[in-house]
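The structure under discussion appears below in the form of structure tokens.
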Amino acid sequence: MTQRPNDSSREPLLEVRNLNTTFKTETGTVQAVRGVNWEIYPGEFLGVVGESGSGKSVTMASIMGLVPTPPGSVGADSVTFEGKDLLSLNERQMRRIRGHEISMIFQDPMTSFNPVHTIGNQISEAIRVHDSKMTRRAAKKRSIELLSLVGVPSPEVRFAQFPHEYSGGMRQRAMIAMAIANQPKLIIADEPTTALDVTIQAQILDVLNLIQEETDAATILITHDLGLIAEMSDRVLVMYAGKVVETATVFELFADPKHPYTLGLLASLPRLDSQLDSLLSIPGQPPSLITPPTGCSFHPRCDLTKGRSECRSELPVLVEASNGHHTACHFWDEMTEIAEVVTDTVGIDVRSSVET
Amino acid sequence: MNDERTEQILDEEAQALIGAGEAPDPRGDMKRAKAKIQSPGRIAWRRFLRHRLALGGMVFVGILFLVAIFAEFLAPYDPNVVNTSAFRTPPSSEHWLGTDSAGRDVLSRLIFGARVSLTVGVAAALSALGLGTLLGLLAGVVGGWVDSFIMRAVDVFLSFPSLMLILLLVAVLGPSIGTIVVVIALFEWPTAARIVRQMALSVKETDFVLSARAVGSSRWRIMRKHVAPAVLSPLTVVGTLLAAQAILLEAALSFLGLGVKQPQASWGGMLEEAKSLTILEQMPWMWIPPGLTIAVTVLAINFIGDGLRDAFDPRQQM
Amino acid sequence: MTSTVDVSADDRMPLGEEMLRVEDLKVHFPVKSTVLRRKLGEVKAVDGIDLELAAGETLGLVGESGCGKSTTGQAILRLIEPTAGKVIFRGRDITAISRRQMSPLRREMQIVLQDPFASLDPRMTVRSIIAEPLKVHGVYTSGKDRRKRVDELLELVGLSSELGSRFPHEFSGGQRQRIGIARALALNPQLLILDEPVSALDVSIQAQIINLLEELQKEFSLAYLLIAHDLAVVKHICDRVAVMYLGKIVETGTRDEIYNDPTHPYTQALLSAVPTPDPAKRDDKTRILLEGDVPTPENPPSGCRFRTRCWKAQPECADEVPALIDREGLGHPSACLFPESIAAEDL
């Protein structure tokens, strides 16, 4: 896979500025996404990594207008997709974007398909909704082509089958076929392989790679799995407690993480490629997003804080540590020290050995 | 369809956020740890209190109970004393809700009638619940032929045309509050048994029951400590439904003249007057008050049931 | 952190001595028609497997969903009755004894389940959850002693004893898993079956629990049977590994044998499919892509069960059920007629 350089002269395909999403709950208002800025360029493969509650899925649902309001509430300075501000569109205009210019792939394809219709009809329907001139017959032909493209064996037979007749991996393939049916410019895949076994996951990743080559759509892969991020993405956003804490090209990020949380994730990961002396876990729990910590939201769990008051009182903004590598840490220039401590405990340097 | 799924994902994520938020710091923020404990019961109660209709229903039924208990002090007249000078008089300052065909004060009869309805409602629902829970738990936990036997009995009871049989039984046994309670309970327990069995079966499959088996808990202990408490809270919802149903049945029986013996006042009995066309058309004060009271009472109890169901919703509880 | 009162007064097994031995274990579930309850067939969830586990050792049982690994764990504890085979715990065949005789043995073997949200009764306080095994087995009969033991267990798993009066829903996933571990440790067992203990947890929390399990093992010389699908986790914790596919063990050996020198094509495919968290390695990785899905255990393929997805399958694979033996002198048993060593670096 070739890495697409983050060419700043290009126009971003989607640009998100100061996105905030909150949910009203019984116990208070959850600030699920807190002032997030990011962009994705045409043809880019963007990995978004974070643990549950980091706001990675909510971010995507927010820009797609899929956050139920109430209890949710979405606000942003702008969410610009090809010059259009998505947040100013009404539900009908938004529906034209969803499934057409931007499509989504979810974790569990069983609930994403309607159990009473055949897979084939649902894909054809998705095509015909966005292209009224397409005949039923043409839509069927195209659906079969799509199924065959994503590696569904005997697609003519499979076309007429119901979701329950598909295995989990096959359903996910069909989901991908539906997602690319209208040649989207952006595909958002939210934990597309989490529910699948590792050998099936490998098949699906293969399909995702293939369709990106075929369609050249920009892809956002949301996952908690650093392995998937490392293997698939060009560029990565690391999210923690509703904020982007670090963003860099995938090689930069793994070779020289500039946020202690990213390094913490790497150090707590058991791995197949080397034998570790021990895992270095991140102490404590992710914070409450009803009352997030003041200053840096990672400071209660951070080794780099060393009791310094900046971490507690000042909100770190994303700063450019090196070309295209941004981090939201006050003391990112001390990361090398911490990395050495990690290496001593874990037994290996958890950072990637790639030259950057 | 995608939207639905997303909502669900968001919901889960939101729950995760809240869950993480409420989690106390394991390294011990002692003050917080000692703060109020959020038992599932307390959370349910708090949710219930936020359910306005349920709260309203609760207040109404509460007042009704007080009225029934203190009927002697509240009723302006003896409900059974016949005022020969005032047959079928419309509401006046003397008789706020008028008098009936026998010259008895409608308001006083309404107040005393609450006793019958509430007694029947509570007693029948409790007996049905008791019997149903016992048999339902037995069927669900023991399983095998016990289960088959109990569930077939349930099917048989549910397939009877119950009102007919109730009428027959009451006719044979003679009308009295006791008979009515027994007969209603006899036909209501299968509903409870069915729900309890279903609940018990699903609880039996949970990981916490598996864990309890793994530590060596006996079946009896599991039933007592894990299954019964899990079944109990949704059972209160069933209880409200059964109580409402029982009150309606009692009213129906009394209306048909098979309820409590005359001259004891009961709401259904008061409605009996409306069988006469003249009364129905020209003397609404005789039947509107009991009719309305029955309707509002049943509605109030159903609201309480709704509130309880929302409060115990397991999706919210997790 | 040592216990103030020793629960099981009996001897602990010396390290390295055989504690558990599973011989030809089978668990078959009947498939019945819904109306007449006629038996239509059988799901052979576990179909004749052998395992052994020494005191203080960790054996990893890996495989994908539906391979029968969790059923194996529960059958060993007789939470599911085995259809055939023997489970020999400390020299005694526990499949042959009654429920009542089984009860005291439950003190020595415990299980930690995957889902920390489902495995704790939401209506019980943490204290009563952890105290349940103590009550069931009548140890620490006085309330004061029991309280002390529960506090001790809470501290042991890294939770403040102040939290005992709270309810499970107030805890995060990692903390609930700690509570589950505390309950499993209450009777001071010698064998813990860990059924996917960290797969429901986030990475940073997963590492906390793995570290905790490792500390506890050292402190109490526990034997672990770790059931997991995450090959990296198994590699990190286990001394020996058994790979399961469709109810059978296809390859077994020490950690190094399995991870550095896998000989069964399924093991090789599994290892090659795991994404590596290092982008520098992504281009020189050759991923073995298996075709199709796992067949249903109701009607497994004849001969070698993996042959339908195997790129090396030969006609004889359909006829002969390959025994789990070391055929070519590759150093460890592999249930493949054509085992072949592939170095891990090449995967």
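Numbers for the structure displayed
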{"read-out": "Note, ³J(HN,Hα) from phi for segment A:214-225, Karplus 6.51, -1.76, 1.60, rounded to Hz, x at Gly and Pro", "value": "5, 9, 6, 6, 6, 10, 10, 10, 9, 7, 9, 9"}
{"read-out": "Gain upon complete extension [A:S167, A:S313; 0.36 nm per residue less C-alpha separation]", "value": "47.4 nm"}
{"read-out": "Reachable aspartates and glutamates from C:K26, criterion Cα separation under 17 angstrom, eight or more residues apart if same chain", "value": "C:E42, C:D47, C:D50, C:E52, C:E81, C:D93, C:E298"}
{"read-out": "Inter-chain shielding of C:159-167 (mean C-beta neighbours from other protein chains, 10 Å cut-off)", "value": "5"}
{"read-out": "Along principal axes, Cα extents of segment B:66-145, largest first, whole Å", "value": "68, 23, 17"}
{"read-out": "Point-to-point label distance, B:T278-B:V122, nm (Cα→Cβ direction, 7 Å offset)", "value": "4.0"}
{"read-out": "Other-chain or far-sequence residues with amide H under 5 Å of A:E314's (modelled H)", "value": "A:C296"}
{"read-out": "Protection-proxy order for peptides A:72-84, B:68-80, each taking the mean of Cβ atoms within 10 Å per residue, highest first", "value": "A:72-84, B:68-80"}
{"read-out": "Residues whose placed amide H lies under 5 Å from that of C:E42, excluding near-sequence neighbours", "value": "C:V31"}
{"read-out": "Whichever aspartates and glutamates have a C-alpha closer than 16 Å to that of A:K133, once near sequence neighbours (fewer than 8 apart) are set aside", "value": "A:E125"}
{"read-out": "Relative contact order (%) - criterion: Cα under 8 Å, at least six apart; region: chain C", "value": "19"}
{"read-out": "Mean residue ellipticity (222 nm) of chain A, computed from DSSP H runs ≥ 4 via -39,500 (n - 2.57), nearest 500", "value": "-9500 deg cm²/dmol"}
{"read-out": "Estimated 222 nm signal from helices in chain C, with DSSP H stretches of n ≥ 4 weighted -39500 (n - 2.57), rounded to 500", "value": "-8000 deg cm²/dmol"}
{"read-out": "Per-residue HN-Hα couplings for segment B:196-205 [Karplus 6.51, -1.76, 1.60; θ = phi - 60°; Hz; x = Gly/Pro]", "value": "4, 4, 4, 4, 4, 4, 6, 5, 4, 7"}
{"read-out": "Inter-site label distance for B:E94 and A:D333 at 7 Å from Cα along Cβ, in nm", "value": "10.1"}
{"read-out": "More than 31 angstrom apart: percent of Cα pairs within chain A", "value": "37"}
{"read-out": "Rounded to whole Hz, the Karplus (6.51, -1.76, 1.60) HN-Hα couplings of segment C:203-212, x for glycine and proline", "value": "3, 5, 7, 3, 5, 4, 5, 4, 4, 4"}
{"read-out": "Calculated diffusion of the protein assembly as shown, Stokes-Einstein form, Kirkwood radius summed over Cα pairs, 20 °C and 1.002 mPa s, µm²/s", "value": "66"}
{"read-out": "Fraction of antiparallel bridges per DSSP, chain C only, in percent to nearest 5", "value": "60"}
{"read-out": "D (Stokes-Einstein, µm²/s), Kirkwood Cα radius, segment A:243-355, 0.890 mPa s at 25 °C", "value": "168"}
{"read-out": "Per-residue [θ]222 nm for chain B (sum of -39500 (n - 2.57) over DSSP H runs n ≥ 4, rounded to 500)", "value": "-24000 deg cm²/dmol"}
{"read-out": "Proximal lysines relative to B:K261, as straight alpha-carbon distance under 25 Å, when same-chain residues fewer than 8 apart are discounted", "value": "B:K275"}
{"read-out": "Computed lengthening from A:T29 to A:K84, 0.36 nm per intervening residue step minus Cα-Cα distance", "value": "16.8 nm"}
{"read-out": "Percent antiparallel among DSSP beta bridges (both partners in segment A:14-233, rounded to 5)", "value": "55"}
{"read-out": "Range of Cα positions in chain B per principal axis (Å), largest first", "value": "81, 50, 43"}
{"read-out": "Isotropic mean projected area of the C-alpha convex hull, segment C:251-347 (nm²)", "value": "6.8"}
{"read-out": "Förster radius 41 Å - calculated FRET efficiency between C:K218 and C:S98 (Cβ-Cβ, nearest 0.05)", "value": "0.70"}
{"read-out": "Alpha carbon convex hull of chain C, volume per residue in cubic angstrom", "value": "163"}
{"read-out": "Selection of GluC sites (Glu not before Pro), segment C:228-333, meeting DSSP coil and at most 16 other Cβ within 10 Å", "value": "C:E291, C:E298, C:E320, C:E328"}
{"read-out": "For segment B:253-291 versus segment A:120-138, the gap between their alpha-carbon centres in whole angstrom", "value": "64"}
{"read-out": "Inter-chain Cβ neighbour average for residues A:218-228, partner chain, 10 Å", "value": "2"}
{"read-out": "Amide H contacts of C:V112 (H built 1.01 Å from N, under 5 Å, at least 5 apart or other chain)", "value": "C:I193, C:L194, C:D195"}
{"read-out": "Centroid-to-centroid separation of segment A:158-233 and segment C:186-244 [C-alpha atoms, Å]", "value": "31"}
{"read-out": "Relative contact order of segment B:220-318, defined on C-alpha pairs under 8 angstrom at six or more residues apart (%)", "value": "32"}
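Laboratory data are not the source of any read-out in this text; all were calculated from the coordinates shown. This structure is a prediction, so every number in the text was calculated from the model and none was measured. Every residue, glycine as well, gets a Cβ built from its backbone with ideal geometry; the counts of neighbours run over all protein chains shown.
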